[in-house]
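Working notes for the structure below.
Here, each number is a calculation from the coordinates, and none is a lab measurement. Quantities reported herein were computed from a predicted structural model and do not represent experimental measurements. In this analysis, Cβ positions are derived from the backbone assuming ideal geometry, glycine residues included, and neighbour counts consider all displayed protein chains.
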Amino acid sequence: MGSNGSQKDHGIELSAYASHRKLADAVYDYEDSKYVVFGVPFDYTSSFRRGSSRGPLEVRRAYDNLESFDVAYEIDFTKVGMCDIGDLYVTESPDETVDTVENVVSIIRKDGKIPIMIGGEHSITGGSIRNYHDYGMIIIDAHSDFRNDYMGNRNNHACATRRSLEVLGHGKIFSFGTRSTSIEEYQDPEYKNVTFLRSEDIHRYGIESTYSSIEQKLHDRLYFSIDMDGIDPAFAPGVGTPEPYGLKDTDVRFLIRKTAKNTYGFDILEFTPDFDNGNTAMLAAKLIQDFVGSRETKKKF
């Protein structure tokens with residue numbers, strides 16, 4: 001075993017899972033870090049426009065353009081303790097990939113650190129969420145993702161919310177931006193056990209009012225998952241399954257700011273570079289900063 005059994009060397013263990021390209025502000029070693037970034041270049045169950053496997057690389061490239069200081073948070077992101085272990089090695093098997101994500105997040109969590117996962121497609125959330133049994137969840141998504149299986153696979157990107165419900169239980173998931181649901185999903189008896197907040201209603205009542213209506217129901221510890229197609233294509237065109245009439249970018253930032261201090265796991269997924277004009281990659285990169293900045297800042301939002 002040598003020294004590999006000690007907690008401080010889990011960075012070495014995790015390096016066996018991943019290739020390496022750093023997020024620009026992720027200048028800390030694993031041992032000294034608070035936030036651990038990793039990419040999952042997996043899109044083998046994508047059903048419309050594939051290419052989110054290249055998302056982690058392009059989000060990192062976009063992040064290069066961001067300032068390391070943000071006056072909104074009064075935070076220098078090079079000082080907050082971010083580490084980037086690179087992209088996980090994945091196969092074409094969704095089951096194997098989800099299991100790999102579960103194992104990696106388990107190590108990060110046991111070391112008392114906060115994982116930030118860059119996708120890749122939404123199926124990979126199913127692996128991460130297995131480490132958060134006693135938590136609540138916020139999802140940004142255009143789709144219900146509530147199929148029990150799709151194309152013969154239970155770990156399909158169209159099943160992400162259903163798999164999360166099986167882990168977390170009834171009444172603990174709040175999905176913002178929903179505007180695409182199949183009749184099979186809608187008629188499923190379990191569908192009512194997730195709170196789906198339609199983008200149409202968010203536009204009508206506003207994000208602040210919508211959030212206030214569910215704030216008291218939120219668990220005091222959260223996992224936050226962003227499918228970029230939950231955001232309107234005007235702000236985020238580069239996604240695999242775009243849907244009109246989505247959330248504004250500032251709606252998502254509002255939710256992050258309100259919940260970040262109680263959030264202990266974060267992912268941002270379904271960015272497809274081939275269909276982007278540069279906006280989606282930059283927004284995804286900035287939302288990562290928003291999450292970390294909102295957790296670290298002393299300012300009130």
inquiry  = Condition first: closer than 21 Å to Ser53 by Cβ and among the β-branched types (Val, Ile, Thr). Can you find one or more residues in segment 163-176 that meet it?
reply    = no
ask   = Can you pull out the residues in segment 101-120 that are of a type in the set (Val, Ile, Thr) and within 16 Å of the chain's Cα centre (by Cα)?
value = Val101, Val104, Val105, Ile108, Ile114, Ile116, Ile118
key: Residues that are surrounded by fewer than 20 Cβ atoms within 10 Å (Cβ to Cβ), outside any helix (DSSP H, G or I) and in contact with a strand residue (DSSP E or B) (Cβ under 9 Å, 6 or more places away or on another chain), drawn from segment 208-239   = Leu218, His219, Asp220, Arg221, Pro233, Phe235
inquiry  = Being surrounded by 24 or more Cβ atoms within 10 Å (Cβ to Cβ) and touching a helix residue (DSSP H, G or I) at 6+ places or on another chain (Cβ under 7 Å) is the filter here; which residues of segment 145-158 pass it?
reply    = Asp145, Phe146, Asn156, His157
inquiry  = Going by what's in this entry, would Asp84 be described as closer than 23 Å to Arg60 by Cβ, among the acidic types (Asp, Glu), buried (at least 24 other Cβ atoms within 10 Å of the Cβ) and in contact (Cβ under 8 Å) with a residue 24 or more places away in the chain?
reply    = yes
query = Within segment 240-262, is there a residue that is within 17 Å of Gly293 (Cα to Cα), in contact with a strand residue (DSSP E or B) (Cβ under 7 Å, 6 or more places away or on another chain) and not in a helix (DSSP H, G or I)?
reply = no
